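Beneath this line is the structure, given in structure tokens, with notes to follow.
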Amino acid sequence: MTSDASKLRTPIDPIAVGLRGFGPLGIFAILVIVASQFLAPLSAVLVLIWAERSRTPWHEIGYVRPRSWFGGLVIGVTFGLAFKFLMKAIVMPFLGADAVNQTYHYLVGNGAAVMALIPLMIVTAGFGEETFFRGYLFERFGKLIGHSLGAKVVTVLLTSVVFASLHYFDQGLAGAQQATITGLVFGTIFAFTGRIWTLMCAHAAFDLTAVAIIYWGLESDVAHLVFK
């Protein structure tokens, strides 16, 4: 006789199980999502589809309802703005980076280009990169190597290297150095909080602050505030 518990048991979904695992279907999903990062924020959209179809709980990719949406926004924007100034005024000059970001120098005084770039920055950096690099990759590495302190350190390091490598292609060594540091900082925060909303706001604010500094022609001034 079948028990009531067995009647209520959720049927096994082989596709969901395969997508969560590291067999052929799981590896295929990983490759598709990783490859789509070159068309960001498509990768983030695919991550959300993967999470839904694989029945992965949203909190495992950092999508946790914040205690306060507005509070998280304010903290994230404030942190992102301050972090960018710290990087531009102290860290990057200390590393010997050029004061001017040649890749985005065309934005100086170019209001039309900046207005077109603002929504792209918010969607691509804030939503896209955080969902992929922090949410998805942390979930995958967590399943693969665990959630111990050592495993989290490895995850932060590996995701930061991947994050930096993608920035090398369009911004060179300085871009990769900056991305490594931001990846380490954002990754460490995510490793301890498991929450992505504030990091999304911080990442978008970081990039938008960089755009504002370039637009107003302040790169050299900020870069030489400490190191003349």
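At a Cα cut-off below 15 Å, give the aspartates and glutamates reachable from K88, other chains included and same-chain residues fewer than 8 away excluded. Answer for K88, where 15 Å is the Cα cut-off: D98, D207, E219, D221, listed by chain and number.
Taking other residues whose beta carbon is less than 15 angstrom from the beta carbon of A176, and scoring Lys, Arg as +1 and Asp, Glu as -1, yields -3. Note on W58 and M115: their simple-model spin labels are 3.4 nm apart, each label 7 Å out from Cα toward Cβ. Temperature 4 °C, viscosity 1.567 mPa s: under these conditions the Stokes-Einstein estimate for the stretch 72-114, based on its Kirkwood radius over C-alpha pairs, is 106 µm² per second. Per residue, the accessible area of the stretch 130-214 comes to 39 Å² when a 1.4 Å probe rolls over the protein heavy atoms. Surface exposure of the stretch 29-129, expressed per residue as accessible area with a 1.4 Å probe, stands at 56 Å². 3J(HN,Hα) along the stretch 96-102: x, 6, 4, 5, 10, 7, 5 Hz, from the Karplus curve 6.51 cos²θ - 1.76 cosθ + 1.60 with θ = phi - 60°, whole Hz, x for Gly and Pro. Assuming charge only on the beta carbon of Lys and Arg (+1) and of Asp and Glu (-1), the dipole of the stretch 48-171 about its Cα centre is about 400 debye to the nearest 20. Counting every C-alpha pair in the stretch 52-166, the share spaced more than 26 angstrom apart comes to 36%.
Counted by Cβ distance under 11 Å from G72, the other residues give a net charge of +3, where Lys and Arg count +1 and Asp and Glu count -1. Please give the net charge around L158, taking every other residue with its beta carbon less than 15 angstrom from that of L158, where Lys and Arg add +1 and Asp and Glu add -1. Combined, the nearby Lys, Arg, Asp and Glu give +3. Screening the chain for whole DSSP H helices of 18 Å or more along their axis (Cα) with average Kyte-Doolittle hydropathy at least -1.0 returns 69-86, 149-193, 197-215.
Applying the criteria of a DSSP loop state and at most 14 other Cβ atoms within 10 Å to the trypsin sites (Lys or Arg not before Pro) of the stretch 39-87 yields R55, R67. Once neighbouring chains are kept in place and the probe is 1.4 Å, which whole percent of the accessible area of the chain is contributed by carbon and sulfur? That fraction is 73 percent.
The values are calculated or read from the model by the stated rules, or taken from the named source; none is laboratory data. Predicted model, so just to flag it, every value in this text is computed and none were measured. Virtual Cβ from ideal backbone geometry, glycine too; neighbours counted across all protein chains shown. These area figures cover heavy atoms from the full protein model, side chains too; ligands, DNA and RNA do not enter into them. Shrake-Rupley method; radii C 1.70, N 1.55, O 1.52, S 1.80 Å.
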